[in-house]
Amino acid sequence: MLVVMRSGATPEEVQRVVGTIEEMGYQARPMPGEQRTAIGLVGNDGRVDGSRILALPGVAEVIHVTKPYKQVSREWRAENTIVTIAPGVAFGGDAVHVIAGPCSVESEQQILAAARAVKAAGATALRGGAFKPRSSPYSFQGLGRKGLELLALAKRETGLPVVTEALDEAGANMVAEYADCLQIGARNMQNYSLLRAAGRIGKPVLLKRGMSATITDLLLSAEYILAEGNGQVILCERGIRSFDTMTRNLFDLTAIPLVQRLSHLPIIGDPSHGTGLRDKVTPVGRAAIAAGADGLMVEVHPEPDRARSDGAQSLYPDQFASLMSELRAIAQAIGRTVGTLPQGINPPPKGTPAVGAV
Ligand code: PEP
Ligand code: MN
């Protein structure tokens, strides 16, 4: 339920609503706005009788949130949420941002070459897994903390903020020491203890759609993070399993405008996992931006043929540079821009500590 106060409602009137919600056994989340304050009621698993609150002074209206995901829904918040992972790198506004880098961090030389190449082409964040969720236990599992340290080194060298995956609660705390944005991958989209941990940590989260998850499932998973008080969530469409084995996954383009109607959270597209095929990444990436995505996540490797994971879907740096210039034209055609790193923060001065992020 959402309690909308009249414009000009006094702080005492807002406090009285908060107190009443708490007396009724729920939690209150006041959200001051430019025009007026709204107070969210959470903790209910069903319809709440709003008549007692409607009668309080200063209350304009009581809105029942009909969706099972409450704080994630557009009913809860009409304006887009902007998720800022580093100064100037904000998802959900007019600018679209591209996160790029290899599937896995493999070596210092590899991650530095990847970071420099994607930065030169216009990416504004670096990706790379240090903890890899692999289908086979015998496949490369990532470099762990060493991989995080290499990401921090690449950040120092280029100024690119880092997006990297955490697989479990303990790992999330470690990843948060290094990352600007924690990635929760498709296989963990319904790992509720990990979602809660990411919510408590409070850093921006990139939440990828599970390979068999409905859009409602995705939004409910995001709700776990918001329910812990962390509203900084970027959603990611990365393809779902289909009966057709021609592609690794079926990229659900419609998910982008659907999610934007249902939720105020930003959504980006991952055409790399969404197709699994290098020559399909560029057309599907273009389509995602044309469909209104707030950004992309793209796998790029300096030598895809030597990649320890996902080489077949990783772009060569020159292919990525072409994609970026095409995205600029597409963004412009729909009244958006491709975001750039602010001047002066890239790269940060030598000697900036690797750990601690923003
Ligand atoms: C990844 O981003 O490297 C990854 C493992 O993606 P997903 O969780 O979408 O499969
Ligand atoms: Mn990958």
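The values are calculated or read from the model by the stated rules, or taken from the named source; none is laboratory data. Just so it is clear, the model here is predicted, and its values are computed rather than measured. Please note: Cβ atoms are built from the backbone with ideal geometry, for glycine as well, and neighbour counts cover all protein chains shown. These area figures cover heavy atoms from the full protein model, side chains too; ligands, DNA and RNA do not enter into them. Shrake-Rupley method; radii C 1.70, N 1.55, O 1.52, S 1.80 Å.
Are there chymotrypsin sites (Phe, Trp or Tyr not before Pro) in segment 55-148 that DSSP marks as loop and that have at most 13 other Cβ atoms within 10 Å, and which are they?
Y138
For T158, what is the net charge nearby, where nearby means another residue's Cβ is under 11 Å from its Cβ and Lys, Arg count +1, Asp, Glu -1?
Net charge around T158: +3.
Using a ≥ b ≥ c from the Cα gyration tensor of segment 196-302 (square roots of the eigenvalues), is it rounded, prolate or oblate, where a/c under 1.5 gives rounded and otherwise the larger of a/b and b/c decides, a/b for prolate?
Since a/c reaches 1.5 and a/b is larger than b/c, the shape of segment 196-302 is classed as prolate.
Work out, step by step, the length gained on full extension between E108 and L153: first 0.36 nm times the residue separation, then minus their alpha carbon distance; give nm to one decimal.
Gain on extension, E108 to L153, equals 15.4 nm.
Out of the trypsin sites (Lys or Arg not before Pro) in segment 114-199, which ones are loop residues according to DSSP with at most 16 other C-beta atoms within 10 Å?
Of the trypsin sites (Lys or Arg not before Pro), the ones in loops of segment 114-199 whose Cβ has at most 16 other Cβ atoms within 10 Å are R134.
So, for the chain, what is the accessible surface per residue at a probe of 1.4 Å, expressed in square angstrom?
Solvent-accessible surface per residue comes out at 42 Å².
Chymotrypsin sites (Phe, Trp or Tyr not before Pro), restricted to segment 169-275: which are DSSP loop and have at most 10 other Cβ atoms within 10 Å?
For chymotrypsin sites (Phe, Trp or Tyr not before Pro) across segment 169-275 that sit outside H, G, I, E and B with at most 10 neighbouring Cβ atoms in 10 Å, the list reads F243.
Dipole of the chain, Cα-centred, from +1 at each Lys and Arg C-beta and -1 at each Asp and Glu C-beta, to the nearest 20 debye?
The dipole magnitude comes to about 280 debye.
Viscosity 0.890 mPa s, temperature 25 °C: what is the translational diffusion coefficient of segment 1-140 from Stokes-Einstein with a Kirkwood Rh over Cα pairs, rounded to a whole number of µm²/s?
Translational D for this selection: 130 µm²/s.
Please report, in whole Å, how far the alpha carbons of the chain spread along each principal axis, starting with the longest.
67, 51, 44
Binned at 5 Å from 0, what are the whole-percent values of the Cα-Cα distance distribution for segment 216-259, short to long?
5, 19, 23, 19, 16, 10, 5, 2, 0
Roughly how many nanometres apart are two label points built 7 Å out from the Cα toward the Cβ at S193 and E169?
0.5
Charges on Cβ only, +1 for Lys and Arg, -1 for Asp and Glu, centred on the Cα centroid of the chain; of S104, G25, C181, which one is farthest towards the dipole's positive end?
Positive-most Cα among the choices belongs to S104.
Determine the share of segment 77-222's accessible area contributed by carbon and sulfur atoms, expressed in whole percent, with a 1.4 angstrom probe.
Carbon and sulfur atoms account for 50 percent of the accessible area of segment 77-222.
Connecting C-alpha atoms closer than 10 Å in a GNM of the chain, tell me which of T254, T81, T275 has the biggest fluctuation.
For the chain, modelled as a Gaussian network with Cα springs under 10 Å, the answer is T254.
Can you give the % of DSSP beta bridges in segment 181-278 that are antiparallel, to the nearest 5?
Around 10 percent antiparallel, to the nearest 5.
If the only charges are +1 at each Lys and Arg Cβ and -1 at each Asp and Glu Cβ, what is the size of the charge dipole of segment 167-320 around the Cα centre, to the nearest 20 debye?
220
May I ask you to derive the FRET efficiency for F243 and E61 from their Cβ-Cβ distance with R0 = 51 Å, giving the value to the nearest 0.05?
Here the calculated transfer efficiency is 0.65.
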